[in-house]
1. PRE reach from residue 64 (point 7 Å along Cα→Cβ): which of the range 34-48 fall under 19 Å by backbone N?
2. If the viscosity is 1.306 mPa s and the temperature 10 °C, what translational diffusion coefficient in µm²/s does Stokes-Einstein give for the range 14-126 when Rh comes from Kirkwood over Cα pairs?
3. For a quick check: sort 124, 77, 105 by the number of other beta carbons within 10 angstrom, fewest at the front.
4. Give me 38, 87, 110 sorted ascending by neighbouring Cβ count inside 10 Å, so fewest comes first.
5. Determine the gain in length on full extension of the stretch residue 99-residue 123; use 0.36 nm per residue of separation and subtract their C-alpha separation, reporting nm with one decimal.
6. What is the fewest-to-most order of 95, 81 by other Cβ atoms lying within 10 Å of their Cβ?
């Protein structure tokens, strides 16, 4: 395989999935913490999350400027990355008395659990990877 062909779509490891214990409060039938299944996403999917969390704010002289709601964006990014449990499941949403995946996630998790999931989703999707670390890794 030539060096250039390493970049061809069929040679790239695209979909990364992993299991993550979000909370010890969700237990399986054996009483062990249940793992959530997370997946990485494409930049196109990320742009959809960002666009959905962007609102136009009216400024001076009636000029509208786009503004991203960071909390809404993170919730959308997280729900797009969670494969299991299915946050879009109507029965699961109904059990918490909410509609929508983002609302469900906020209702299911404690603030610290929500933050931990957010950090893991960001790491899985390449956010927070220090370029200097990558350069050192390539050198070794």
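None of the figures in this text is laboratory data; all of them are computed from the coordinates on show. Keep in mind it's a predicted model, so treat the numbers as computed, not measured. Virtual Cβ from ideal backbone geometry, glycine too; neighbours counted across all protein chains shown.
1. 48
2. On the way: Rh = 15.3 Å.
Using the Kirkwood radius from Cα pairs, D works out to 104 µm²/s.
3. Ranking 124, 77, 105 by Cβ neighbours within 10 Å, fewest first, gives 124, 77, 105.
4. 110, 87, 38
5. Details: separation 24, 0.36 × 24 = 8.64 nm, distance 2.76 nm.
The span from residue 99 to residue 123 would gain 5.9 nm if fully extended.
6. On the way: 95 12, 81 24.
Fewest-to-most ranking of 95, 81: 95, 81.
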